[in-house]
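Asks: Handing you this structure, nothing more for now.
The values are calculated or read from the model by the stated rules, or taken from the named source; none is laboratory data. Note that this is a predicted model, so its numbers are computed, not measured. For neighbour counting, all protein chains shown are included, and Cβ atoms are generated from backbone atoms with ideal geometry for every residue, glycine included.
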């Protein structure tokens, strides 16, 4: 007679599987947190290796709406999907390359020229400061109501050699850092270019990837949960991409309007200031004030009166954007109140800098949408049982 030493049944099998999974999870967490420095280094190395594929995913995600829009304009007589998709990707990439070439050939040289002019400001004002600190001027201003400028003048004259020696030492030590920075920039540019190439294959095969993902969801989740997950993903994608694209269009329009106004009033460095305003406007609420402050200090040493008027121009632009243009383009794409927008900017900005200040708002909007759906689902279940 055959005897089974272990009474296999569904209950004990389930308990055993969960026990093994819990043990494996605990052991993994222990290995990760036990040697965090090594884990972090390994993780950063993995991210660096996979950076072209990460860039490809980001590029494909953000240009996909434009590809879809262009694909819809291609004549219907071209029935093969791959041909239509290839044509739309080709047109999209042509538009992107044309924009980059336009920036490189027109905008970038003017920005560099403006930056060089601003960099020469210390050379322009240094003789004035030195003349002001001369003994003749000191005698004029030493009336008992001003500080004794002879002390400052003597200190500067006595420490010129040491100061320039310190600057030379700093520059010598900075050379390896600069070389490393240039190497990282070159590697980053190459990875981005490789990401654009990989993104082509992602865009061409996105339907098959979505079908595979759908099959996996229905294989591991109950049908109802799988459908809910798909619907939630669609809503999250709509919230995220609507805000990003809408804010980019909004900031581009604000930058163009700012450029036109500054040209009309004959402002120096109009293009540079407009680019700063357009970029900082990507940050909700705080962005226009940050851009306005930067522009104000750039103009303060050149035309103080125009610097003050520049603040008024930025204030009017911010009011126009916040009350007319922004609601027209963005609508209520995030569904967040002013408090939560500011909270997202401060929280994500403290961890991820400028990118966190920009992406924090749509990310928090997605989290809010998920949380609201779960609360509504639990509320409906409770109310139906009453």
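Asks: Which one of these does residue 324 not meet: (1) surrounded by 13 or more Cβ atoms within 10 Å (Cβ to Cβ); (2) more than 19 Å from the chain's Cα centre (by Cα)?
Replies: (1)
Asks: If you check 381, 368, which single one turns out to be surrounded by fewer than 18 Cβ atoms within 10 Å (Cβ to Cβ), at pLDDT 80 or above and in a helix (DSSP H, G or I)?
Replies: So the residue among 381, 368 that is surrounded by fewer than 18 Cβ atoms within 10 Å (Cβ to Cβ), at pLDDT 80 or above and in a helix (DSSP H, G or I) is 368.
Asks: Would you confirm whether or not the range 298-308 contains a residue that is outside any helix (DSSP H, G or I), modelled with pLDDT of 80 or more and either over 19 Å from the mean Cα position of the chain (by Cα) or surrounded by fewer than 17 Cβ atoms within 10 Å (Cβ to Cβ) (or both)?
Replies: yes
Asks: Tell me which of these residue 294 doesn't satisfy, since it passes every other one: (1) farther than 19 Å from residue 355 by Cβ; (2) at pLDDT 85 or above.
Replies: (1)
Asks: Let me spell it out: the conditions are (1) within 18 Å of residue 248 (Cβ to Cβ); (2) touching a residue at least 40 places away in the same chain (Cβ under 8 Å), and residue 369 meets all of them except one. Which number is the exception?
Replies: Of (1) within 18 Å of residue 248 (Cβ to Cβ); (2) touching a residue at least 40 places away in the same chain (Cβ under 8 Å), only one is false for residue 369: (1).
Asks: Right, here's the next one. State yes or no: is residue 285 closer than 30 Å to residue 262 by Cβ and either over 17 Å from the mean Cα position of the chain (by Cα) or surrounded by fewer than 19 Cβ atoms within 10 Å (Cβ to Cβ) (or both)?
Replies: yes
Asks: Something else about it: From the list 162, 207, exactly one residue is loosely packed, with under 12 Cβ neighbours inside 10 Å, closer than 14 Å to residue 60 by Cβ and modelled with pLDDT under 85. Which is it?
Replies: Criteria check complete, one pass: 207.
Asks: Whether any residue in the range 211-225 is surrounded by 13 or more Cβ atoms within 10 Å (Cβ to Cβ), at pLDDT 85 or above and within 28 Å of the chain's Cα centre (by Cα) is what I want to check.
Replies: Looking for residues that are surrounded by 13 or more Cβ atoms within 10 Å (Cβ to Cβ), at pLDDT 85 or above and within 28 Å of the chain's Cα centre (by Cα), one finds none in the range 211-225, hence no.
This table checks each residue for (1) part of a helix (DSSP H, G or I); (2) farther than 15 Å from residue 316 by Cα.
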| position | (1), (2) |
| --- | --- |
| 247 | yes, yes |
| 252 | yes, yes |
| 255 | yes, no |
| 261 | yes, no |
| 268 | no, yes |
| 272 | yes, yes |
| 276 | yes, yes |
| 279 | yes, yes |
| 284 | no, yes |
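Asks: For residue 375, indicate whether it is modelled with pLDDT of 80 or more, more than 16 Å from the chain's Cα centre (by Cα) and closer than 17 Å to residue 251 by Cβ.
Replies: no
Results for (1) part of a loop (DSSP other than H, G, I, E, B); (2) at pLDDT 80 or above; (3) at positive phi, shown as yes or no for each residue.
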| residue | (1), (2), (3) |
| --- | --- |
| 69 | no, yes, no |
| 78 | yes, no, no |
| 87 | no, yes, no |
| 96 | no, yes, no |
| 104 | no, no, no |
| 114 | no, no, no |
